[in-house]
Amino acid sequence: MTPTEYEYLRKFLKDNSGLDLSADKQYLIESRLLPLARKAGLSGIAELVQKLQGGARQLITDVVEAMTTNETFFFRDKVPFDHFRDHIMPEIIKARAGKRSVRIWCAAGSTGQEPYSLAMCLKEMGAALTGWRIEIIATDLSQEVLEKAKAGVYSQFEVQRGLPIQMLVKYFKQTGETWQINPELRAMIQHRQLNLLHDFSQLGTFDVIFCRNVLIYFDQDTKINIFNRLARQIEPDGFLVLGAAETVVGLTDTFRPIAERRGLYKPNDPRAAAAKPVLAGAAPRLAVMAGR
């Protein structure tokens, strides 16, 4: 790969996925895009770049998805789900006792382990949520991972990563060497393709937003822009959950951390976010990356 080709691909990925690669990541691009080029019948990176410059739509999608990391597993990092069970939902149940409904958004849903983990948490609450209307929206850039999430079928390796055995037995059915989550839980999740850098106001407002292990891949301006727009989609008493390596501190005043609860944030006055301009050039496709 020539320096010119690498710079083109760096800009292409940032514009089309939000992925901000440093100058020394040629190996990463080559390792992921060379197999894609060969599969597409191309001679290598140079011809791939030519096709992208020519606007080959399917190839554009394939390149973005090839550079997307889909590392995820059930109850990943455990702490956010403890917060969800012990702190978030008790407050939501009390605050929403009148309308008896809750809306949750997994903004990097990947192959479904995070939203299904939340669905299992909610099911385990039993009578406390009887008669409640529960909506879980799971979004991701990749249509391929969304199809896997919708099917809810996982390998033995996947269900052994973080999933308590009692929940495996309770909520999954084994078929051969795979496990499928039961229809009742699958019906709790709405899976939608979405780019976080695009307008997501059509999703409406949420009581809880999980946006974990995705913003770490973007530059500071992009993070600020997304935080400000997330603030407009969350209820004033709602909760934002970020990954362990992510924070709003030093980036925006639209959210504030909750003391002694790592990764958990509350919105400040949403008018503060509404007053901030959307950054120029912050509307291309987003690669919803790890963590999911």
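Per residue, the chain exposes 45 Å² of accessible surface when a 1.4 Å probe is rolled over the protein heavy atoms with every protein chain present.
Surface composition of the chain: carbon plus sulfur atoms hold 52% of the accessible area, using a 1.4 angstrom probe and ignoring ligands, DNA and RNA. For Phe200, nonlocal amide neighbours, meaning residues 5 or more places apart or on other chains whose placed amide H falls under 5 Å from its own, do not occur. In a fully extended conformation the segment linking Gln174 and Glu7 would gain 55.4 nm over its present Cα-Cα distance, using 0.36 nm per residue. Can you give the Rg/Rh ratio of region 1-65, where Rg is from the C-alpha atoms and Rh is the Kirkwood radius? We get a ratio of 0.91 for region 1-65. Between amide H atoms placed 1.01 Å from N, distances below 5 Å from Arg212 occur with Ala107, Ala108, all of them 5 or more places distant or on a separate chain. Per-residue extension of 0.36 nm, minus the Cα-Cα distance of Arg256 and Ser155, leaves a gain of 32.5 nm for this segment. The translational diffusion coefficient of the chain, from Stokes-Einstein at 4 °C and 1.567 mPa s with a Kirkwood hydrodynamic radius over alpha carbon pairs, comes to 64 µm²/s. Residues whose amide H lies under 5 Å from that of Phe255, counting only those 5 or more places away or on a different chain, are Asn268; hydrogens are built 1.01 Å from N in the peptide plane. From its DSSP helices (H runs of at least four residues, each -39,500 (n - 2.57)), the chain gives a residue-normalised ellipticity at 222 nm of -11000 deg cm²/dmol.
Secondary structure note: in region 67-224, about 35% of the DSSP beta bridges are antiparallel.
Give, to the nearest whole percent, the P(r) tail of region 141-187 beyond 18 angstrom, counting all Cα pairs. So the portion of pairs separated by more than 18 Å is 27 percent. Note that region 199-205 has calculated 3J(HN,Hα) couplings of 5, 10, 5, 5, 6, x, 9 Hz, one per residue in order, obtained from phi through the Karplus relation 6.51 cos²θ - 1.76 cosθ + 1.60 (θ = phi - 60°); glycine and proline are x.
Multiply the residue separation of Tyr27 and Arg85 by 0.36 nm, subtract the distance between their alpha-carbon atoms, and state the gained length in nm to one decimal.
Result: 16.7 nm gained on full extension.
Under 20 Å from a point 7 Å along the Cα-to-Cβ line of Ser43: which residues of region 1-24 have their amide N that close? Residues 1-9 qualify, since their backbone N sits under 20 Å from the label point. Within the set Lys99/Lys123; Lys78/Lys123; Lys150/Lys266; Lys94/Lys266; Lys11/Lys223, which residue pairs have Cα atoms separated by over 21 Å? Over 21 Å Cα-Cα: Lys150/Lys266.
The values are calculated or read from the model by the stated rules, or taken from the named source; none is laboratory data. Every value quoted in this text rests on a predicted model; they were computed, and no experiment measured them. A quick note on method: Cβ atoms are made from the backbone with ideal geometry, for glycine too, and the neighbour counts reach across all protein chains shown. Please note that ligands, DNA and RNA were not included when accessible areas were found on the heavy atoms of the full protein model with its side chains. Shrake-Rupley method; radii C 1.70, N 1.55, O 1.52, S 1.80 Å.
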